[in-house]
Every structure is written in C-alpha cells, then in structure tokens.
1. When the Kirkwood hydrodynamic radius is evaluated over all pairs of different C-alpha atoms of the range 16-124, what value in angstrom, to one decimal, is obtained?
2. Can you give me the span-like helices of the chain, meaning DSSP H runs with 18 Å or more of Cα extent along the axis and Kyte-Doolittle mean at or above 1.6?
3. Among Arg78, Arg286, Arg187, which one shows the biggest mean-square fluctuation in a GNM of the chain, springs joining Cα atoms closer than 10 Å?
4. Where in the range 242-283 is the amide nitrogen less than 14 Å from a point lying 7 Å along the Cα-to-Cβ axis of Glu226?
5. Expressed in nm², what is the orientationally averaged projection area of the convex hull enclosing the Cα positions of the chain?
6. Please tell me the relative contact order of the range 177-252 in percent, rounded to the nearest whole number, where contacts are Cα pairs under 8 Å and at least six residues apart.
7. Given only helices, namely DSSP H runs of n ≥ 4 each adding -39500 (n - 2.57), what is the per-residue ellipticity at 222 nm of the chain, to the nearest 500 deg cm²/dmol?
8. May I ask you to order 206-218, 170-182 by the average number of other C-beta atoms within 10 Å around their residues, highest value first?
Amino acid sequence: MNYAEEIRKLAAEKDALILVHNYEPAEIQDVADICGDSLELARKAKEASASTLVICGVYFMAETAKILSPEKTVLIPRPDAGCPLADQLTPEMVRAAKSAHPGAPFVVYVNSSAATKAECDITCTSANAADVVRSLESDTVLFGPDANLASWVREQVPEKTVITVPENGGCPIHHKVTVDEIERLRREFPNATVICHPECAPEVQKASDMIGSTGYMIRNCGEKQEWIIVTESGILHPLKKRYPETAFHGIEAVCDNMKLITLKDLYETLAEGKNEVVVEKETADRARKAIERMIEASA
Ligand code: CIZ
C-alpha cells in the first residue's frame, strides 16, 4: 500500500488536519498539512476548523492541542511517545516552589504535562521564552523544567531573577552536546555558522554563533550559505527542503520518542480513529489559561 497517498485520502474523508513537529521523521513531515515547532502547532491547533486533529509529535504536544481545542477529536499515532524533560517537573514540585516563593509567577516550558501546566501561570516555548518572562510584572520568576533554556532567558532578561525548578532539569538529547563536538565541527567546516538550540548547555550556547528554536532556524537559515545545526536531527529535513542551495551539517542527536511514529501508525490511527487524547476538564480549563496567556504574550 502507498501509505502516504492513503493517509492524504483519509485525512480529506475524515476532515482531519495532520500537524507534525519539526523533529519527526522526514516521511511523516512530508504527509503533513502543517509542520512546525510547539508554538506554531499550538497556534494552528487553536485556529483549525477541521473536526479532527492528528498530532505527530510527543504526548505533551497532543495534550496541548486537546486543551486548546476541547471540542475537537485529537489523535496521536503513538501515545507512548513521551518526553523525558516533561517528566522532570511534577504538579507537586510547582506547588512547593510557589509556596516557597509567594507571589512569583511560574513560567512552565511547554514540554510539560497538562497536570503540571494546570498549576502554572503561563507557558512558554523555546521560541518565546524571553518574551514571556519579560511580559511578567514580577521581578522574580519561577521557571521549569529546562535549566538550559532558563540560562538563555537570564542572558536576555537580566533585570529578572529566574529561579529554576528543578535546579538542573534538561533534555537529555540536547544536554549531552559538548563544546568539543562544536569545535570539531568548526575545524571540519570552517566557513559554517553554528546555530544551537537553547536546550543545549550554557557553554554550548556560548560556543555557538546563534541560538534559536527550530522555527527560528527555519526562518533564518537562508541568511548564510553553510550551517552547523546543533539540535535534534529531524530539523535537517525541513531546512534542506526550504534552502536546497545551502549546506547543513548536523550533529549526532536523535530523540527516539520523536522517531516512533511510522506511516503505518499514522494510517491506522486515521483509519480507525484510535488513540484519542483525553484531558480531564478541570485540568484542561486551568492549563488552557496558562497556554492562552502565552499566546497573547507572544502575539
Ligand atoms: O518548541 C518546540 O517545539 C521544541 C520542543 C523545540 C523547538 O525548538 O521546536
């Protein structure tokens, strides 16, 4: 069977919109209606008129779509696609931090569960974390779970005190990138500009020429002829598609959770309407406030 063709036919028949994250495998990105980073997918999920949304990404992304569009059916082809970063911040940890710092708002990275978001004041993504923190009145801000992203926020918003919860949370894939690796790539490709994701460690951020989310990379990598791309390998596909004349050199960084979905999984999910995402109403209502506040702050 030609799964890609059958998926497109089924999506039309079932009034389904397929939203795919930039880290997904190339063949999944190629059958998407919309590809993007978490912020772009959240915005599109909110605006979409289709009755069904199929989210190809990790579970928190599907939860976010369901929270923003409770009236829609939201499906995820692999509900077991988790996020080890999201698991590092629980609702109890947020409550404890808030009671230790009364009045300080909690900014939660979108890579978190619905239950954790429900305890927080506002969400952020890697595309808008500094803008979100800057938008808050309080001088002290609680931020979690990614301490590397928090460090980048501190650089851009030095007037605020940013307290990380947990102290050293991080994405295992980005956190293991080393300065040695960047230097080796610079020696190999001396004319390339290095751009890293803000989930990388502060020393890797400093060793890079630019820092940005995947959406930022896609928008800005037309500016130079050769790049070293320091983030999950899935991003190379949309970059090469968009800038066919540009040279892109990636690093060894593969998120197994982002690579779980196959075309067969996507086809079966659409055909059977299975793997529906459910978020309990009270949790969804509270988490929605935090996500919508982010969307307003980064409009
Ligand atoms: O914001 C996102 O979607 C993540 C997890 C990374 C990125 O920069 O796209």
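The values are calculated or read from the model by the stated rules, or taken from the named source; none is laboratory data. Everything numeric in this text was worked out from a predicted model, so none of it was measured. Virtual Cβ from ideal backbone geometry, glycine too; neighbours counted across all protein chains shown. Note: accessible area is taken over every heavy atom of the protein model, side chains too, but ligands, DNA and RNA are not part of it. Shrake-Rupley method; radii C 1.70, N 1.55, O 1.52, S 1.80 Å.
1. Computed over Cα pairs of the range 16-124, the Kirkwood hydrodynamic radius comes out at 14.5 Å.
2. For the chain, where a helix must reach 18 Å along its axis and average at least 1.6, there are no hits.
3. Ranking Arg78, Arg286, Arg187 by mean-square fluctuation puts Arg187 first.
4. Only 246-250 pass the distance filter.
5. That works out to 15.1 nm², a quarter of the Cα hull's surface.
6. Relative contact order, the range 177-252: 28 percent.
7. That comes out to -11500 deg cm²/dmol.
8. 206-218, 170-182
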